[in-house]
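The values are calculated or read from the model by the stated rules, or taken from the named source; none is laboratory data. Predicted model only: the values in this text are computed from it and were never measured. Backbone-built Cβ (ideal geometry, glycine too); neighbour counts: all protein chains shown. Please note that ligands, DNA and RNA were not included when accessible areas were found on the heavy atoms of the full protein model with its side chains. Shrake-Rupley method; radii C 1.70, N 1.55, O 1.52, S 1.80 Å.
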Amino acid sequence: MELGMIGLGRMGANMTERLLQAGHTVISFDRNPEAVKRTVDHGAKGSGSLGQLVEKLSAPRAVWLMVPAGDPVDQTIQELMPLLAPGDVIVDGGNSNYKDTMRRAALVREKGLHFVDAGTSGGIWGLAEGYSLMIGGDKEPVERLRPIFEALAPAPDKGWGYVGPSGAGHFVKMIHNGIEYGLMQAYAEGFALLKSKDQFQLDLHQVAEIWRCGSVVRSWLLDLIADALGKNPSLSGIQPYVADSGEGRWTVAEAIDRDVPAPVITLSLLERLRSRDKESFSDKLLAVMRDEFGGHGVKREE
């Protein structure tokens, strides 16, 4: 099958390579010519513009976007729509907000085009392990693209599925990432507790390896923890700064909107925000309050 791939960051490039390995034809485009060249070296057909990409695709066309969420998606869609014909499909495989996806689907539908949202999980390991795909949109274009989804997934019948109308794919991916926040926070806190027990001098890498097999907390995240601790047991040289890409915030906002309690996910997001506060005014004020009412003293900066 033929597919246009727009956005050749690490994930987009890896998805392109996996499709090529499965025998599909990929026409690639990125604003960085070097990124296009790298996919061409793996067998893709490169293009120097969106217009060239569309020209090289046979109708009905399918174009997959792997560009940053927000304005870049809107801008790319606006540039693409005049180039496409009724029946063509635009797939957003990035981490877009599902509300934006619903708006975009309505806009695209007015032009006679199809819009499919593909919540995509797998990160840099997807090339080898396959991607988990949560698909939303109209059923007909989703079924038309089945060979693409089957090639990207871990297996043709595993790790992907049609979950509902436009927006559903990105909604499921958003909740997936919220759960991910909570799992990561629990692992981080648990290993911090293990490390704090100086009396036992625990080998954290060994513990992670033990838990990987047979334990009820075994998981792919734990596999990654074991790998990281094996390479750098003390995590030396790593700053305690944790970024977030937006999905956790959206999940928490959705929980509030729907009156669904999600304390673990919410707190895990707040802990990420806390990790960035190198000059915590709130902690300073806490220390001052303890000193004011109890005379506990405060630690002064040198």
Sole miss for VAL242 among (1) of a type in the set (Val, Ile, Thr); (2) more than 18 Å from GLY190 (Cβ to Cβ); (3) touching a Ser or Thr at 6+ places or on another chain (Cβ under 6 Å) is condition (2)
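Just need a number here: residues in segment 60-92 that are of a type outside the set (A, V, I, L, M) and under 20 Å from HIS24 (Cβ atoms).
Residues meeting the conditions: 6.
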Would you check if there is a residue in segment 269-281 being small (Gly, Ala, Ser) and part of a helix (DSSP H, G or I)? no
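Just for helices (runs of 4 or more DSSP H) wholly inside segment 1-103: which have at least 3 residues that are open to solvent by 60 Å² or more (accessible area, probe 1.4 Å), modelled with pLDDT of 95 or more and not polar (S, T, N, Q)? Spell out how you get there, then give the answer.
Details: elements: 10-21, 33-41, 50-56, 71-80.
Where helices (runs of 4 or more DSSP H) fall fully within segment 1-103 and carry at least 3 residues being open to solvent by 60 Å² or more (accessible area, probe 1.4 Å), modelled with pLDDT of 95 or more and not polar (S, T, N, Q), they are 33-41.
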State yes or no: is GLN201 assigned to a helix (DSSP H, G or I), over 29 Å from VAL108 (Cβ atoms) and not aliphatic (A, V, I, L, M)? no
List every residue pair whose Cβ atoms sit under 7 Å apart, with the two residues 6 or more apart in sequence or on different chains, where the first one lies in segment 258-286 and is closer than 13 Å to ALA186 by Cα and the second, anywhere, is among the charged types (D, E, K, R) and surrounded by 11 or more Cβ atoms within 10 Å (Cβ to Cβ). LEU269/ASP244; LEU269/ARG249; ARG272/ASP244
Take residues that are touching a Lys or Arg at 6+ places or on another chain (Cβ under 8 Å) and free of Cβ contacts under 8 Å to residues at least 60 places away in the same chain and tell me which of the helices (runs of 4 or more DSSP H) falling wholly in segment 124-188 contain 3 or more. none
Go over the candidates ASP244, ASP227 one by one and state the one that is surrounded by 10 or more Cβ atoms within 10 Å (Cβ to Cβ) and not in a helix (DSSP H, G or I). ASP244
